[in-house]
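Presented below is the structure to which this report refers.
No value in this document is a laboratory result; all are computed from the given coordinates. From a predicted model like this one, the values you see are computed outputs, not experimental measurements. Note that each Cβ is placed from the backbone with ideal geometry, even for glycine, and that neighbours are counted across all protein chains shown.
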Amino acid sequence: MKITGANFRKIEERKDYSFFSTLSVDSVNGSAYFGFSGESNQLRWDFKSGRVIDPEGNYVYSYQKDKVLSISGDISTGAYSYYLNGGISVKSNDSLASRIMTLNDSLIVQSRSRSDFALQRLIVDATGVGLTFDPQLAVSNSGDFLLTNVDNHIENGVLSNLEITNNGDSLAIEVFTGVVDSTLTGVATIDTSFPFRVSGTTDIFLQGHGDIADGQTYDIPIMFKTTVGELNKRVTLTGVQPPSGSFFNFATGDDSDFQSGSLPVSGGDSDIIKTGFYSLNAGILSGSTSLDNYPVKVELTYSQGRTGLFEDCVTGVNINNEGSGYNENLIVSFQGGSPTSGAEATGNLNIVEYFYTGNSGVSSLGITEIGEGYSSTPDIIFYQNLINIDITSGGSGYTGVPDLVFSGASGSGASATAVTGIVSGTQTGITSITLVNSGSGYVGAPEIIVSGATGASAILASAVSIMSSGASATALTGSFTKSFTGQFDLLTGLTNLTSYRDNSFYTGTPPTGYTNSEIEFTGNENTLDIQVTYKTTPDTGALSAFLFVSGTGSNTYKEFITGVR
């Protein structure tokens, strides 16, 4: 082929080549050259005014107008040899004189050093002359690449990722074009910009087309034109139908430990594990088939409530004696212990609630406020109530029903009704007393005053209060730390549950919640089990968490969960 001007051709990138070409120049005026370039370096032979100049600038041969010369050579890492007019290679010494030889009008140059660069282009330039040139290149082991699928599927309107990996002897391969075989262009076409260079691994993409059948296997042939020639490759992909719908359903199982109607439950013992059970059913459908890799993320984070150190508090009570006769209006208080200003247990403050059966002994106490800053153990005071009234004297001479007044003993609320009748002859007195309200908060027995409804010669009746008594208890004091991740734990699983606390799936420093990487459903998995646990503490303050579950797009669910003793 005849060349004018500057031209180049990209070649397989490597450091070793053998080459051969016949050439002729149509004028001894002007100049031309051919050679190789790469990495901003050149190795070339110049033809100037009838002289052949080698890559080192040596005038090594002459040429005539239109006379055909042959040139060949071997290029290796850091060295090269070349031959003009079919020169035969012979062993050479180190001197330049012995390396340049002419045999029967042939030239042989051996074992010259060169810059150690990769050969990337064949370059030719004929300025003011015509150069007839027919190059042939050869390598010991040709370059190649491996085509693999990153995405295992192909879908209409969706790009499927493939990888090209250089696995031949080339340093790099230039890929000029790539075309899917015409029998499958209705299924896929290449969606990648050409040309591109492959030295390691490079991504290319197939665009899915047409009515791709779900689940069908497609064996797709692709022909690439490259610097090492045509390379025919195949890739196997499975057809996927586009999603036809999605579902995202959050369900609450048993969360009674966290709810009483719509309000949190308070009361009960500390160090008890409360559990809420939830589930998520979600996925993307292709027809009626659930697709793989549906992503779900579950998070549990702090919302509100006091955390930290609770120091020198009332953490429990031991009942020493249940006593008897106590009613539903029982008042109990902690006294003494010199609490700090932050404590709520001072004086006769009612800081407990209790459990009872009729007028019975005190079986237990439930702490509703724990106070704080006690320097010593406080005393527990059980206030009394009436359980009965004994008539010590019915009196006589009453003209009506007298009033009964309760006085003293610090309590309140007690009330009773007298019943009168004949006590002697025609004399009317009190025959019985009905206790209407047993009252509460008494320290000792209140005095009963019988008042009114007496005649001129009446004898006053009298009665005494019978009180509840005998209950005693000892307060327990101590300190404890309350933290979000110490009290709450989040567990999720498709089959077996994973504890986020045990696996340190924390958010924040210090930790203020739980999160994990996305959980991906496969096609036969649609339900994620979710549990939230809460370990109670002696205090009755609520600690609230925010449960957030998300899928694709706008599919989310959130719920507040309140942990309390």
In debye, nearest 20, what is the charge dipole magnitude of the chain about its Cα centre with +1 on Lys and Arg Cβ and -1 on Asp and Glu Cβ, if you could check?
2040 debye
Partner lysines for K15 [C-alpha distance under 23 Å; skip if fewer than 8 residues away on the same chain]
K91, K225
Could you run the Karplus curve 6.51 cos²θ - 1.76 cosθ + 1.60 with θ = phi - 60° over the stretch 300-308 and give me ³J(HN,Hα) per residue in whole Hz, x for Gly and Pro?
10, 10, 4, 10, 6, x, 6, 10, x
Before anything else, pin down the relative contact order of the stretch 488-565: Cα pairs under 8 Å, at least 6 apart, normalised by residue count, whole percent.
27 percent
Within straight cross-link reach of K482, meaning Cα distance under 21 Å, which lysines are found once same-chain residues fewer than 8 apart are removed?
K274, K535
Taking the alpha-carbon distance from K65 and a cut-off under 20 Å, which aspartates and glutamates remain once sequence neighbours fewer than 8 residues away in the same chain are dropped?
D26, D46, D54, D105, D125, D134
Normalised alpha carbon radius of gyration of the chain [divisor 2.2 N^0.38 Å]
2.06
Would you mind calculating the relative contact order of the stretch 145-240 from Cα pairs under 8 angstrom and at least 6 residues apart, reporting the percent as a whole number?
35 percent
If amide hydrogens are placed 1.01 Å from N in the peptide plane, which non-local residues have theirs closer than 5 Å to the one on G493?
T498, D529
If amide hydrogens are placed 1.01 Å from N in the peptide plane, which non-local residues have theirs closer than 5 Å to the one on N516?
V298
Just the number, please: Stokes-Einstein D of the stretch 145-240 in µm²/s, Kirkwood Rh from C-alpha pairs, 10 °C, 1.306 mPa s.
118 µm²/s
For T540, which sequence-distant residues (separation of 5 or more, or a different chain) have an amide H within less than 5 Å of its own amide H, given hydrogens modelled in the peptide plane?
I370
Among Q241, S270, I75, whose Cα sits farthest toward the positive end of the charge dipole of the chain (+1 at Cβ of Lys/Arg, -1 at Cβ of Asp/Glu, about the Cα centre)?
I75
